Ligand SMILES: [Zn+2]
């Protein structure tokens, strides 16, 4: 069943977004996908191709998706406007999308986040969403979650994770580009989560995001990609970059090497690609398993090549 699902994923997901989170809800045999943004530097065509996928999905745009558009323009249709029009209600910034058959609701955080204390693209957020500061942004996320059906599991989807998950350079939202690290999480997201936990019975089981790359700057190793809180909320970073890697056939052998580079997949000797997906399996309203999964795609053939289990319920 998983292979069947991954075949479906590979068929459609032929793009280079930095983080794919594929949520697989077993009991209903329906799966949906969430995208934590940074599809390209305002790559409208790519976002359109995702919007065209005929499957349940939710998206939040990242800082790279507002790369050229710093301000709201009422006169000209900019790249941000065109991406938002493609995605429609599936762009969940400051909104909630309910999937009644899955008993699942997805609540979106602040779009275009770049992490840290400052609001990225402040004038854009002000014009489009009426957001002036972090407190206002936290309130909007909080309000989006209110009214979630009682029997629904909630997933928070944001481009960057919340503050409070560590300040070492290899922590899930740790600054890896400065000596000594630091917490680069979104304070508004952290505030909204703690406010929801304090004042409502909404069950936030999973917070998913991207932005902070798994491979640390200056060859400092790899980032922690998952944190399980004391209250069992799971924080998951899906930013495996690059997520598409080239497979190269060695001349005169059947061996296929796994190349860690981003050269063209169409170059001579190319045997296809390996693609990373962070797969979340949800069973009866609970997260059952999370795995970083690498799928080889060679012409029409797909296969699971590697699976690194990040979380297994009961462990
Ligand atoms: Zn980003």
Is it fair to say residue 272 is part of a loop (DSSP other than H, G, I, E, B), at pLDDT 85 or above and in contact with a strand residue (DSSP E or B) (Cβ under 6 Å, 6 or more places away or on another chain)?
-> no
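Could you tell me whether any residue of the range 277-289 is within 16 Å of the ligand (Cβ to nearest atom), closer than 15 Å to residue 214 by Cα and modelled with pLDDT under 85? Even if it seems obvious, please write down each step before you answer.
In the first step, residues of the range 277-289 are kept if they are within 16 Å of the ligand (Cβ to nearest atom); the result is 278.
Still in the list and also closer than 15 Å to residue 214 by Cα: 278.
After this cut, where a residue has to be modelled with pLDDT under 85 as well, the list is none.
No, there is no match, as no residue in the range 277-289 is within 16 Å of the ligand (Cβ to nearest atom), closer than 15 Å to residue 214 by Cα and modelled with pLDDT under 85.
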Checked against (1) part of a loop (DSSP other than H, G, I, E, B); (2) modelled with pLDDT under 85; (3) over 20 Å from the mean Cα position of the chain (by Cα), residue 242 satisfies every condition except (3)
Qualifying position, being crowded, with 16+ Cβ neighbours inside 10 Å and in contact with a strand residue (DSSP E or B) (Cβ under 8 Å, 6 or more places away or on another chain), among 59, 44 | 59
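Please note which helices (runs of 4 or more DSSP H) are completely contained in the range 104-205 and include at least 1 residues that are within 16 Å of the ligand (Cβ to nearest atom) and either buried (at least 21 other Cβ atoms within 10 Å of the Cβ) or modelled with pLDDT under 95 (or both).
Details: elements: 122-129, 134-145, 187-199.
Here the list reads 122-129, 187-199.
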Please specify each residue of the range 79-103 satisfying the condition of being in a loop (DSSP other than H, G, I, E, B) and either in contact (Cβ under 8 Å) with a residue 40 or more places away in the chain or over 30 Å from residue 175 (Cβ atoms) (or both).
-> 92, 94, 95, 103
Pair list, Cβ < 8 Å and 6+ apart or interchain, from the range 47-63 residues that are without any contact (Cβ under 8 Å) to a residue 40 or more places away in the chain and more than 11 Å from residue 87 (Cβ to Cβ) to residues that are in a loop (DSSP other than H, G, I, E, B) and within 16 Å of the ligand (Cβ to nearest atom) | 49/15
Restricting the search to the range 175-188, which residues are in contact with a strand residue (DSSP E or B) (Cβ under 7 Å, 6 or more places away or on another chain) and touching a residue at least 24 places away in the same chain (Cβ under 8 Å)?
-> 184, 185, 186
Got at least one residue in the range 107-123 being in contact with a strand residue (DSSP E or B) (Cβ under 6 Å, 6 or more places away or on another chain) and over 27 Å from residue 183 (Cα atoms)?
-> no
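The values are calculated or read from the model by the stated rules, or taken from the named source; none is laboratory data. For clarity, every value in this text was computed on a predicted model and none was experimentally measured. A quick note on method: Cβ atoms are made from the backbone with ideal geometry, for glycine too, and the neighbour counts reach across all protein chains shown.
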